[in-house]
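First comes the structure, then the notes that go with it.
The values are calculated or read from the model by the stated rules, or taken from the named source; none is laboratory data. It should be emphasised that the depicted structure is a prediction, and the values quoted were computed from it without experimental measurement. We place every Cβ from the backbone using ideal geometry, glycine too, and count neighbours over all the protein chains shown.
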Amino acid sequence: MYVEQSSGSVSVEAGLAHHRAGRLPQAEAIYLQVLASEPDRADCIFLLGIASLQAGHHDRALDLFIRAVELQPRNSFYHSSKAAALHGLGRRDEAIASYQDALLYKPDNLDVHIQLAILTGECGDIAGAETHYRLALQYAPDHVDARFSLANLLVRRKQFDEAVSEFRQVLRLRPDFAEAYLNLGAALFELAAFEECERCYREALRLDPTYAAAHCNLGGLLIKLGRLDEAAVNLREACKLNSSFPEALNNLSDLLRLQGRPEEAEACCREALRLKPDDVQAQLTLGNALREQGRFHEAESCFRTALDHNPAWPQALNNLGTLQLDLARPEEAIRSLRMAVSERPDYADAHFNLAVALLLDGQFDEGWREYEWRWKQDRKKSQLRGFRQPLWDGGDIGDRVLLLHAEQGLGDTLQFCRFVPDIAAGRRVVLEVQRPLVPLLARLPGIESIVALGDPLPSFDLSCSLMSLPRVLGVTLETIPQQASYLRADPQRVADWRQRVGQLDGLRVGLAWAGNQTMSGDRRRSMPLAQFAELADLPGVSFVSLQKGAAASQSPPAGLSLHDWTDDLHDFGETAALVEALDLVISVDTAAAHLAGALGRSVWLLNRFDRCWRWLLNRDDSPWYPTLRQFRQPQPGDWSSVLKDVRAELGKSVLSRIARS
């Protein structure tokens, strides 16, 4: 407490002794006794005000401090105590004025600067709060709490580099300060200094293994780094240590969604919102979990609730924009995503999603340019090749060697390798693709050599990703090469497969029902083989499995005869030969559909409601593959309607085949 030396009265000293011992009623009685004989005794009035303040009687304390200030207007402690009473009564502006009066008479009053910093921060004057913390530190550079508060304030101002510097000074002064390590880690996270961020979180946990917030933050970081199993351990420990921890539940929800468990993610997030109903971050996470389940309209409601709190929140605008894409509303999506990048021009995810929206809408020119932002996405940074050779700009290269390399999935490589032969005509081209595609793509004309991804590369002078070729070449919707086919299987292999499938009756139809489970959205684009019961007992059709991977082990539904030779399909060269021997391929949006289209074979694409950008809107054909026909879900998750339409069309094809024969 702020007490000036008394005048020497024995009674006041006796009151102080009780006061210091915490015996407030006895102290107050003595102070009142003194004031009965000396009513203008300012120091006694002040002490009585302090006792009243400590007892929670802010109104009475304020009256006493006002009297003390009137008697000794130049006493800094009296002004600051008056400010404390005003603050306790919620009269912030008057409290600030009283603290400022206190500084007039004692500019180096450390505690007053700290209180002013706290109070101005509460009033939203962050710059003013920073000023007072810095003034306090001028007078006491080693004041740990003031420096820690300043660092936290700098984080609020998004001045992360300065905040890191202040946190480091705090830890030099107090090396066992677990909360400082936690907050330093959080600032480093914002600077993408993830390795040091992790060290800070782990040091906080070494100092305090029961620190739930450190487990929560470490779990969030590990999600960012893709180390999901480690993240789960930390997030579950955070929830165990604090069962009412909405932030940990929110992070755990995000983790469960990434692990392909969106129903559990939803339950986790709803519990977070029960604990903290105004948690807008949890609204976003819930929206993501609902979107993953195909519950798009419910997800939209979550994102809009978040935007009601902050209409300019880039992350919420980005999430809303991607959802509007799912709902086939590209114009709205483009508006939302343009707002997101306007608010945060370096927001790589929003730029990439804007690219997808533009491409889906057929606006290829701008779409391809925005698509290059994928390289700045966190999830893509690990895939950057880091070649020292410059990127190819589409011009002549003389005798230099150009490396064209695969970048994303097998289907992407199959789709965009169409540009390779024209580029290789008159240029020295090395092609690098995924290993299973090498036998098939080695047949592309003009290339100097082909290399499996992961094998040593030959010498080259320039490079370009296959997915960047449309931008480099200026491809528009009207200038997509209209080739009936641009890949060919080995003729001998095709002949061998024709002999095998020739033993089958009727229309020979290849089936692929699932994609790569690790790919985003696979849960919505794939379906269980059991759903093909709609095609069971269809006369005049023999089905052949083209399915590889984990889904290949699924058993067909009763009545669906499925011939399975996939153990013989060791690479895409072999699969291509089988596809050329078939009459038709029916596939979800996976590599099998691209393969059939590239080979110029009839292919029916079973497409989810929230289709990939490449299939465009409001059409059942494709400019990429003249032989492809789309069967699209009329509503999210409605495969039944799709397969009923397929059954009807297969029936027509069988009748047509019979008529021709």
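Every residue, every condition in (1) part of a loop (DSSP other than H, G, I, E, B); (2) of a type outside the set (Gly, Ala, Ser); (3) modelled with pLDDT of 95 or more, yes or no:
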residue	(1), (2), (3)
Trp604	no, yes, yes
Asp610	yes, yes, no
Ser622	yes, no, yes
Arg629	no, yes, yes
Pro634	yes, yes, no
Gly637	yes, no, no
Ser641	no, no, yes
Val646	no, yes, yes
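Would you confirm whether any residue within segment 583-590 is at pLDDT below 95 and not in a loop (DSSP other than H, G, I, E, B)? So far as segment 583-590 goes, no, none of its residues is at pLDDT below 95 and not in a loop (DSSP other than H, G, I, E, B). Taking each residue of segment 228-245 that is surrounded by 14 or more Cβ atoms within 10 Å (Cβ to Cβ) and looking for partners that are among the polar types (S, T, N, Q) with beta-carbon atoms closer than 7 Å, six or more apart or interchain, yields Leu228/Gln259; Leu235/Asn251; Leu241/Thr210. Condition first: more than 18 Å from the chain's Cα centre (by Cα), more than 18 Å from Asp522 (Cα to Cα) and touching a residue at least 12 places away in the same chain (Cβ under 8 Å). Can you find one or more residues in segment 282-294 that meet it? Within segment 282-294 (the criterion being more than 18 Å from the chain's Cα centre (by Cα), more than 18 Å from Asp522 (Cα to Cα) and touching a residue at least 12 places away in the same chain (Cβ under 8 Å)), the answer is no, since none of the residues qualifies.
Within segment 363-400, the residues that satisfy the criterion of being without any contact (Cβ under 8 Å) to a residue 60 or more places away in the chain, over 22 Å from the mean Cα position of the chain (by Cα) and surrounded by 11 or more Cβ atoms within 10 Å (Cβ to Cβ) are Gln363, Glu366. Among the residues of segment 537-561 satisfying the criterion of being over 40 Å from the mean Cα position of the chain (by Cα) and buried (at least 17 other Cβ atoms within 10 Å of the Cβ), which is farthest from Lys652 (Cα to Cα)? Result: Leu560. Taken over segment 192-210, the residue count meeting the criterion of being closer than 20 Å to Gln159 by Cβ and part of a helix (DSSP H, G or I) is 4. Number of residues in segment 543-564 that are among the hydrophobic types (A, V, I, L, M, F, W, C) and not in a helix (DSSP H, G or I): the value is 6. One residue stands out in segment 166-196 among those that are over 18 Å from the mean Cα position of the chain (by Cα) and of a type in the set (Phe, Trp, Tyr): the one that is nearest to Lys381 (Cα to Cα), namely Tyr181. Residue check: is Pro39 modelled with pLDDT of 90 or more, more than 21 Å from Gly22 (Cα to Cα) and not in a helix (DSSP H, G or I)? Yes, satisfied. Here is a check on your reading of the model: is Gly56 surrounded by fewer than 16 Cβ atoms within 10 Å (Cβ to Cβ) and modelled with pLDDT of 90 or more? Yes, satisfied.
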